[in-house]
Structure formats: C-alpha cells, structure tokens
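Enquirer: First the structure, which I've put down as structure tokens, then a few questions once you've had a look.
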Amino acid sequence: MSLMSPNSPACAAPDARLAQLALWLGSLGLVQVDSMRAASADASFRRYFRLDVVPAMHAKLGQTLVAMDAPPERENVPAFLHVAGLLLEAGVSVPAIVAQDVPRGFLLLSDLGTTTYLQRLDADNAAFMYSDALDALIKFQLHSQSGVLPDYDRAFIMRELNLFPEWFIGKHLGLTLDTKQQAALDAVFEAIAANNLAQQQVFMHRDFHSRNLMFMDQGNPGVLDFQDAVYGPITYDLGSLLRDAYIQWDEEMVLDWVVRYWQRAKQLGLPVNPDIDAFYRDFEFMALQRHLKILGIFCRLNYRDGKPVYMGDLPTVLDYVRKTANRYTVLKPLARLLETLEDKAPQVGYTF
C-alpha cells in the first residue's frame, strides 16, 4: 500500500487535515508517521490510516495502530467515544482509545486487524462466525438502558425511508411518482413504521454487518463503525447482519440463524416476541426498512458524493426488497410499484 504522506506526489492537492493529523501523531511519539497508509475505505467522511508503532512501544501497543480522521463539522467523535465505552462495558471487542484530540476530530486506536467478516465468510465457516457475531450482539443488547442513546423514533424511521423515493426513484431512476403510486408507497411506509415502532427497544448498533465486523483469533468479532448507535427495535441489528447488503445467504440458513438467536435471546431475558413466527415477521419488516434506506443511501453516495462503488450492491438489496414485499399482503403494493418503475425507467448503466 502506498504511503499517505501529506507531501506525497500522489496527492493532487495539499491535504490540510492530513498534515495536521501527521503533526499530531508526531507529537505523541508512539508511531512512525512516515509509515502512514490508508487503512480502509468508508462511506462517511471519516478516514482511517494504519501506522507502524515505534519499536520501543511494541510490547505495550502491538505492531500497528490506526488513526482516525473525523472532521468535527461532519462527524461526531464524542458519540464514537461514548458508544465505544458502552460496547466495552458490555464485553464486546472494540478498538481501544490510545490517544485523542476530540476538538480536531483525531483519534489513535488499537488495530483490530485487516480481515473483515466479508473477506473471510464462506459456507464452511459461516455457522461459527455468525454464532460469534450473534453472541456479541446479545451482549450489547443485554446492556441496554433507555435514555443513554438517541431514540430511533417514528421521525427517524420515516426520514430514512424517504431516502428511497428521493434518491433511488427520483435521482437514480429519474422518475416521479403519480398521486396513486405515492399513496401506495405511503401506505407501505406506514405498515413498516407501525411494525418497527411496536417492537421492543434495545441498544442498536445500526451498521452491524460483514464490513464492520473484524475476524479476530480472540474476542471475535471486533466491532467497528458504531458511532451512530441508537435505542430502537430489537430486530434491527439482526436484520443488518443476516440480510447483509454485501453478502447473501439461502433463506433456510438465515431462518436457522434467526431461530438460534431468538432461542438464546429469550433464554437470557431479552424482550423478543415470544412467538417465533411473529418474531420472524418483525425481522423481515425491519430488514425491509433498512434495505429501502440503503437503496437511497447507495444512490446518494454515487450521485452526491462521487462514490460509485456501492452501486454494484443494488441488485442484492433489490432482491431482498422484492422477496420480502411479495411475502406479505400489506407490502405487495411495493413489489408492484417496483415492477412498474423498472418498466418505465431509462437505461442508466446499472442493472437492477
């Protein structure tokens, strides 16, 4: 991986924040600043860089650390620190905070490695890897208290759902809904929101999926990207994990994992729906809410933020949406609407 020095000829323009970050890291005396290289891509405005630890600190800090650059006007570093503390208290593996400059949005973190769940998952190891992930999720949920994290309320849910008509239908497909279509979509949104809001509430990571879980030999998984955590429906993170936008499993496997989670959660006293059929319906409606939001976000990342890479995942997410919408009478208008829109949409260079 190429070095990410602020003076690197590869940089087309001076990077003031990177220069500030390098100066701050240099003042700590913990890492070799000239070893800085990109650590991961991110859908947000955060950037991560991996650095080699100075030899004298290897025994204490390990071989490498990760610096996070989170512009304060764009990202919430205090929330990151707050949720990291909650996860740590719950017994979940998260990066340790080695050093911080919160006003400038800089953190130096322990390194949870380079292997994401997405990179390692396959049919042979999925059962034990998801078992570990569900154990970590249950630990976090058991730690839940109201009033500690922001509420994932009706306004929040509707704000997310409305990303779908704005960015997927309007911007990506280039279409405008007529009055009848809008009424049908509104009715589906109401059904989804009503289900979501009726569910029991727990701590919710909000992005608990294969790109944010790191495979670790001990304390698996390491959990990342948790700063947007809220207090909301108990099936949200389960849907995020098992109806992952980046990797898809057979329905029978997903059902088996959901049942295993439900049995364990019920045994430990988490407030899951006592009826497994009703719980699975909750899981499906919650995952659908998330997938409609994701369709909007992936399109927004492409058209507004110049990050086209996520467009390749639209077909997987749309497949989830179609299958779920066709399974429930109240959601079938959504399936019909998608069919109509796809017939009318101009060819835009992406298959869906």
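Enquirer: Just checking, how many residues over the range 207-262 are in contact with a strand residue (DSSP E or B) (Cβ under 7 Å, 6 or more places away or on another chain) and not in a loop (DSSP other than H, G, I, E, B)?
Expert: Total meeting the criteria: 10.
Enquirer: Kindly evaluate Lys180 against the criterion of being open to solvent by 10 Å² or more (accessible area, probe 1.4 Å), more than 30 Å from Gly219 (Cβ to Cβ) and touching a Cys at 6+ places or on another chain (Cβ under 7 Å).
Expert: no
Enquirer: Out of curiosity, is Arg290 out of contact with any strand residue (DSSP E or B) (no Cβ under 7 Å at 6 or more places or on another chain) and either over 30 Å from Gln263 (Cβ atoms) or of a type in the set (Ser, Thr, Tyr) (or both)?
Expert: For Arg290, the condition - out of contact with any strand residue (DSSP E or B) (no Cβ under 7 Å at 6 or more places or on another chain) and either over 30 Å from Gln263 (Cβ atoms) or of a type in the set (Ser, Thr, Tyr) (or both) - is not met.
Enquirer: Touching a Ser or Thr at 6+ places or on another chain (Cβ under 9 Å), of a type outside the set (A, V, I, L, M), loosely packed, with under 15 Cβ neighbours inside 10 Å and more than 30 Å from Asn302 (Cα to Cα): does that describe Gln218?
Expert: Criteria met by Gln218.
Enquirer: Same structure, new question: When the residues of the range 271-315 are narrowed to those that are at pLDDT 95 or above, not in a helix (DSSP H, G or I) and not charged (D, E, K, R), which ends up surrounded by the fewest Cβ atoms within 10 Å (Cβ to Cβ)?
Expert: Pro274
Enquirer: Looking for something open to solvent by less than 60 Å² (accessible area, probe 1.4 Å), at negative phi and either touching a Gly at 6+ places or on another chain (Cβ under 6 Å) or assigned to a loop (DSSP other than H, G, I, E, B) (or both) - is there at least one such residue anywhere in the range 55-69?
Expert: no
Enquirer: Out of the residues in the range 247-270 meeting the condition of being of a type in the set (A, V, I, L, M, F, W, C) and in contact with a Leu (Cβ under 8 Å, 6 or more places away or on another chain), tell me which one is surrounded by the fewest Cβ atoms within 10 Å (Cβ to Cβ).
Expert: Looking at the filtered set, the residue picked out is Leu268.
The values are calculated or read from the model by the stated rules, or taken from the named source; none is laboratory data. Treat the numbers as computed from the prediction; the structure is a model and nothing was measured. So basically every Cβ, Gly included, is an ideal-geometry build from the backbone, and we count neighbours across all protein chains shown. Ligands, DNA and RNA are stripped out before the accessible areas are found, and what is left, the full protein with its side chains, is counted by its heavy atoms. Shrake-Rupley method; radii C 1.70, N 1.55, O 1.52, S 1.80 Å.
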